[in-house]
Amino acid sequence: MATAPKIRFTGGLAGAGHALPILALGAWFKHAACLLEHDRAQFGPNLGDLDNADACRSVEPAAAALLAQADGRVRAVAHDLHPDFHSTRVAAALAARLGVPAIGVQHHHAHVAAVIAEHGRFDARPVLGLALDGVGLGTDGEAWGGELLWVAGARFVRLGHLRPLRLPGGDRAAREPWRMAAALLHACGRGDEVAHRFSRQPAAALLGQVLSRPALCPATSSLGRHFDAAAALLGLCEVMQTEAEAAVALERLAAGSTAPPVSPADWQITQATATHGPSGPSSEASPPVGELPPDLTLQLDLHPLLLCLADAPDAGRGAARFHATLAAALTDWVATARRLTGCDTVVLSGGCLHNRLLSAALHASLPAVGCEVLGAQRLSPGDAGLALGQAWVALHQLAAKET
């Protein structure tokens, strides 16, 4: 197990003490609970992924150990929105036993909040949040993972998302990048190439029939799956044997290659009207209308970039092109949202920020368009630090109810 980190907040959490302490039970992957008090955040051990009995059996004892350290009665137990996570079930049972609320927090709202909290910011001033990862359950029941959020304490609005890709085979597509590449080719009218391009995969010949039936292929906005598609299109990885193998191979190749000049034609931002009502269990209290962002949704379409990789003659330059263009497209996306909302602080979060090339590029490019950038420091930008964000959101929700 990884060492359990502790973060101290200089001067305490001004004005928030009445709603503390809060226990949060983290995520499915890299599970680590967190106890948030007036001057510190203490994490429990990283138990790994909750896909095995040993890890699941350790969740409740780890939470109990944190509760034993609490300075006073815990006021709430926060958890992920996904109802089938073992951590969610433990949170609900524990909250009932303690007689306190169990507060569900949307996965990407928590990612953004974790970074805000690590920087010691516990007010509810609006920020823009890029939450870029593999998957998290959205408030609409869909698989999110490439999100542009407006976050203001207990409230968040999904300002934008990546143009979705289909997941042929469901969860299996997250382990087999060739399926994501096939989904991209099919969406761009080149599905007839799949069988030949991925001839080593027995299912390739029939995958077109699966992709033609949306009910069999849930959609995802996940940036992680875009990394997978890119790696497969460049011939780097068709089936993963280890976690994030495709993304790691793509980053490693890009680091040793030179990217061609970035072309704005490789992405597209489309704007559609939307109605920003209550955002679900993460954000019950509605702020005054004037505090909400404009009624719009900004979709970032990376399909043109991925389609270029399908024809790239050099995998190294293709990998470098993917990274450079992705950073430019995300910067353009944020700059568009900044103009429309007036928010000039952007938070970088999610497991894709483990990619050093992408993280460094965004930290360099976003200030150039007028943004203050907050990124993870001591904590992981991925799921291992998520519980702190859950506690941050729950704190704001409790404080709103008590005022």
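The values are calculated or read from the model by the stated rules, or taken from the named source; none is laboratory data. Predicted, not measured: the structure shown is a model, and the values here were computed from it. So basically every Cβ, Gly included, is an ideal-geometry build from the backbone, and we count neighbours across all protein chains shown. Note: accessible area is taken over every heavy atom of the protein model, side chains too, but ligands, DNA and RNA are not part of it. Shrake-Rupley method; radii C 1.70, N 1.55, O 1.52, S 1.80 Å.
Quick rundown of the values:
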read-out: Counted residues, the range 119-133 - those being open to solvent by 10 Å² or more (accessible area, probe 1.4 Å) and hydrophobic (A, V, I, L, M, F, W, C); value: 3
read-out: Qualifying positions in the range 169-183 - part of a helix (DSSP H, G or I), open to solvent by 10 Å² or more (accessible area, probe 1.4 Å), under 14 Å from G224 (Cα atoms) and in contact (Cβ under 8 Å) with a residue 24 or more places away in the chain; value: A174, R179
read-out: Selected residue (only one of I116, I22, I103 is under 30 Å from E142 (Cβ atoms), open to solvent by less than 20 Å² (accessible area, probe 1.4 Å), modelled with pLDDT of 95 or more and over 22 Å from the mean Cα position of the chain (by Cα)); value: I22
read-out: All positions within the range 207-222 that are modelled with pLDDT of 90 or more and open to solvent by 30 Å² or more (accessible area, probe 1.4 Å); value: P218
read-out: From R40, R57, R73, residue being of a type in the set (K, R), surrounded by fewer than 17 Cβ atoms within 10 Å (Cβ to Cβ) and under 19 Å from P5 (Cβ atoms); value: R40
read-out: Near pairs, Cβ below 9 angstrom, 6+ apart or cross-chain, from the range 136-150 (more than 16 Å from L223 (Cβ to Cβ)) to any residue that is assigned to a strand (DSSP E or B) and open to solvent by 50 Å² or more (accessible area, probe 1.4 Å); value: T139/R158; D140/R158; W150/R158
read-out: Single residue of the range 188-206 satisfying the filter (under 24 Å from L302 (Cβ atoms) and under 30 Å from the mean Cα position of the chain (by Cα)) that is most open to solvent (accessible area, probe 1.4 Å); value: G189
read-out: Flag for L98 being at pLDDT 95 or above and more than 18 Å from A384 (Cβ to Cβ); value: yes
read-out: Members of the range 214-230 found to be part of a loop (DSSP other than H, G, I, E, B) and in contact (Cβ under 8 Å) with a residue 60 or more places away in the chain, listed by number; value: P218, S221, S222
read-out: Cβ pairs under 6 Å, 6+ apart, first in the range 90-111 and within 21 Å of L379 (Cβ to Cβ), second hydroxyl-bearing (S, T, Y); value: V105/S282; Q106/T139; Q106/S282; H109/S282; H111/S349
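Here is a yes/no grid of residues against (1) surrounded by fewer than 20 Cβ atoms within 10 Å (Cβ to Cβ); (2) within 22 Å of D133 (Cβ to Cβ); (3) modelled with pLDDT of 95 or more:
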| position | (1), (2), (3) |
| --- | --- |
| G224 | no, yes, yes |
| F227 | no, yes, yes |
| G235 | yes, no, yes |
| A246 | no, yes, yes |
| G277 | yes, no, no |
| G280 | yes, yes, no |
